[in-house]
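Note sheet for the following structure.
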Amino acid sequence: MNILLVNPKYPETFWSFKHVLRFISKKAAFPPLGLLTVAALLPGGWRKRVLDLNVEPLTPEALNWADLVFVGAMLVQKDSAQEAIFQAKAAGKRVVGGGPAFTAAPELFIGVDHFVLNEAEVTLPLFVRDFLAGTPQPRYSSDEKPDIAKTPAPLWSLIRMKNYATMSVQFSRGCPFNCEFCDIIVMNGRVPRTKSPAQLLGELEGLRKAGWRGSVFIVDDNFIGNKDKVKALLRELIAWQKARRYPFTFFTEASLNLAQDEDLMRLMSAANFHKVFLGIETPSLESLKECSKHQNTTMDLARAVNAIQANGMQVMAGFIVGFDSDTERIFEAQLQFIQKIGVVTAMVGMLAALPGTRLWRRLQAEDRLLGETSGENTDGSLNFIPKMGVDTLVQGYKELVNSLYSPKVYYARVNTFLKNYRPTVFSRVSWSETKALFRSFWSIGLRSHSRLLYWKLILKTLFTKFKAFPTAVEMAICGLHFEKCAKKMQED
């Protein structure tokens, strides 16, 4: 049995980092971890091939080889997923659809023969059993939350690692919080489930033995959702990293209450975490309460960010405009707040109503939904009627993003970040990073209209904060990407 597992394309957005990848000679930012794990869950005797459309096209040869075509996607990939389904059906293939997009909105997809929804550890074996018996059903779903300590390691042999900027692993699923707009708790629940430290270290050892060095993204919904379990992991991870001379640098997603736990920040820093993505959302206390982001109302947001950065971790963060409590003043308030706290990678999006969330149900009851969401809250699209009005929100949002990623404002934010940053990460400078530096000399230092700001940053960091130099170069390159994405949004 030949199984083709297809990862659809991501559109060009802030999250794609498309304009960064060419600096480091990579084709995609992250590998399709979900499909690599699904491949490991399938029968060992089946032949498997992962085809990532962000790396290579879906060819007739690949489809001719396949007996079954699995398509896994997030909502933001839905257009590419549908195109892949059409191609597979045109080739006469049976299609299996799964993953967050299919689970959230199966009605959006045409041509899927078998929906294998929710968590694959539960539903995929049911499909395989019926398929082998010749009685596969059109839909498999379950509310059961599996013990991911039994989840097999991803089949890394199915990809070419050199195509990717970073590798991905998962330690936990679920988040203890209950934010109104978030679909994580809809899919993965509010009780974080974790792998064992030995299990995750085994996956990391597999990556190391396969030759990977450098960045690893721990893709958890909230890495610190179970602090006791994560601290136990970190203590073992610190020893593992030290014994192997720190082959990896880590980044992950967490909640802002990380800043309230000095021991946890210290452990993450010692384990070589250099970035963390946080959902800060808004400086408006009223909006935080409205969306049930209560964990962010118990602390000074600026001090929290500074505390994390002082522990050697760059804070990347998500911000949202369009809450019912927001007025037209929110756009300037967000800009000034983000500049003040020095969050360089500030992913500002408009509020989006995702299927199944409390927000979706509330807006549906209020007759305020406009249709389906794109799954990407930074693309300038809107799927509900905001209290401030559609035109006011969309225009204010576009102006905010344009200002936020204008070179002068962006580089000012980089400098604010560097004042508070205390780099502690252990890393080797790779050849691709060296090439990125020299390419930045040409693309930004000579050809860009922000070249004076670039050289000022590079020289200042080189002579006054040398340990932060790689980070400063990375931020300059990312700034070019963000600026291009912001301009594209204005044109759309």
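How big is the stretch 170-293 on each of its three principal axes, counting only the C-alpha atoms and giving the largest first in Å?
Answer, in whole Å and largest first: 48, 27, 24 Å.
Mind listing the long-range amide H neighbours of Arg139? Cut-off is under 5 Å, sequence gap 5 or more, other chains count too, H placed in the peptide plane at 1.01 Å from N.
Phe115
List, in the order given, every pair from Lys150/Lys242; Lys26/Lys48; Lys242/Lys465; Lys435/Lys465; Lys150/Lys229; Lys340/Lys419 whose Cα-Cα distance in the structure shown is over 18 Å.
Violating the 18 Å Cα-Cα cut-off are Lys150/Lys242; Lys26/Lys48; Lys242/Lys465; Lys435/Lys465.
Between the stretch 151-199 and the stretch 451-467, what is the separation of their alpha carbon centroids in Å?
36 Å
I'd like the projected area of the stretch 273-348, averaged over all directions, using the convex hull of its alpha carbons. Report it in nm² with one decimal.
Result: a mean projected hull area of 4.7 nm².
What residues have an amide H closer than 5 Å to that of Phe277, excluding those fewer than 5 places away on the same chain, when H is modeled at 1.01 Å from N in the peptide plane?
Thr252, Glu253, Ala254, Met316
Once phi is turned into θ = phi - 60°, what whole-Hz ³J(HN,Hα) does the Karplus curve with 6.51, -1.76 and 1.60 give for every residue of the stretch 259-276, x standing for Gly and Pro?
5, 8, 10, 4, 5, 5, 4, 4, 5, 5, 4, 5, 7, 5, 7, 10, 9, 8
Have a look at Asn306, Gly371, Ser403 and report the one farthest towards the positive end of the charge dipole of the stretch 302-422, computed about the Cα centre with Cβ charges (Lys/Arg +1, Asp/Glu -1).
With unit charges placed on the Cβ atoms, the residue in question is Asn306.
Projected onto the charge dipole of the chain (+1 at Lys/Arg Cβ, -1 at Asp/Glu Cβ, origin at the Cα centre), which of Val116, Phe426, Ala104 gives the Cα projection farthest towards the positive end?
Towards the positive end, the residue furthest out is Phe426.
Past the 13 angstrom mark, what percentage of all C-alpha to C-alpha distances in the stretch 117-184 do you count?
That fraction is 76 percent.
Of the options Ile24, Gly189, Val394, report the single residue whose Cα projects farthest towards the positive end of the charge dipole of the chain (beta-carbon charges: Lys, Arg +1; Asp, Glu -1).
Working it through, the farthest residue towards the positive pole turns out to be Ile24.
Given the -39500 (n - 2.57) contribution per DSSP H run of 4+ residues, what per-residue ellipticity at 222 nm results for the chain, rounded to the nearest 500 deg cm²/dmol?
The per-residue figure over the chain is -13000 deg cm²/dmol.
Want the number for Glu491 to Ala232: 0.36 nm per residue separation, take away the alpha-carbon distance, what's left?
Computed gain between Glu491 and Ala232 is 88.4 nm.
If you split all Cα-Cα distances of the stretch 2-140 into 10 Å bins from zero, what percentages do you get per bin, shortest first?
12, 44, 34, 9, 1
Unpartnered cysteines of the chain (Cβ-Cβ under 4.7 Å counts as a partner)?
Cys175, Cys291, Cys478, Cys485
Any idea what Rg and Dmax come out to for the stretch 406-455 if you just take the C-alpha atoms, in Å?
Looking at the stretch 406-455, its Cα Rg and Dmax stand at 13.1, 33 Å.
For Leu370 and Lys456, calculate 0.36 nm times their separation in residues minus their Cα-Cα distance, and state this gained length in nm to one decimal.
26.3 nm is the gain from fully extending Leu370 to Lys456.
At most 10 other Cβ atoms within 10 Å and a DSSP loop assignment: could you name the trypsin sites (Lys or Arg not before Pro) in the stretch 281-335 that fit?
Arg329
With an 8 Å Cα cut-off and a minimum separation of 6 or more residues, compute the relative contact order for the stretch 431-491 in percent.
Reported as a whole number, the value is 27 percent.
If you consider only alpha-carbon coordinates, what radius of gyration and Dmax does the chain have, in Å?
22.3, 69
Sort the following peptides by mean Cβ neighbour count (other Cβ atoms within 10 Å, averaged over residues), highest first: 75-82, 295-302.
Those peptides, ordered most packed to least, come out 75-82, 295-302.
Could you give the dipole magnitude of the stretch 431-491 about its Cα centre, charging the beta-carbon of Lys and Arg +1 and that of Asp and Glu -1, in debye to the nearest 20?
140 debye
Under a point-charge model restricted to the Cβ atoms of Lys and Arg (+1) and Asp and Glu (-1), what is the dipole moment magnitude of the stretch 154-420 relative to its Cα centre, in debye to the nearest 20?
1380 debye
About the Cα centre, and with charges only on the beta carbon of Lys, Arg (+1) and Asp, Glu (-1), how big is the dipole of the chain? Nearest 20 debye, please.
So the magnitude is around 2360 debye.
By the scheme Lys and Arg +1, Asp and Glu -1, what is the net charge of all other residues having a beta-carbon under 11 Å from that of Asn306? Before the final figure, lay out the partial values.
Numbers: positive: Arg303, Lys340, Lys419, Arg422; negative: Asp300.
Taking every other residue near Asn306 into account, the sum is +3.
Take the Cα gyration tensor of the stretch 431-491, multiply each eigenvalue by 5, square-root it, and list the three semi-axes largest first, rounded to whole angstrom.
21, 12, 11
So what is the relative contact order for the chain, in percent, with contacts set as C-alpha pairs under 8 Å and at least six apart?
13 percent
In percent, what relative contact order does the stretch 331-432 have, based on Cα pairs under 8 Å that are 6 or more apart in sequence?
Computed value for the stretch 331-432: 35 percent relative contact order.
Read the figures in this text as sums done on the coordinates, not as results from a lab. Small disclaimer: the values here were computed from a predicted structure and weren't measured. No Cβ is skipped: glycine too gets one built from the backbone with ideal geometry, and neighbour counts run over all protein chains shown.
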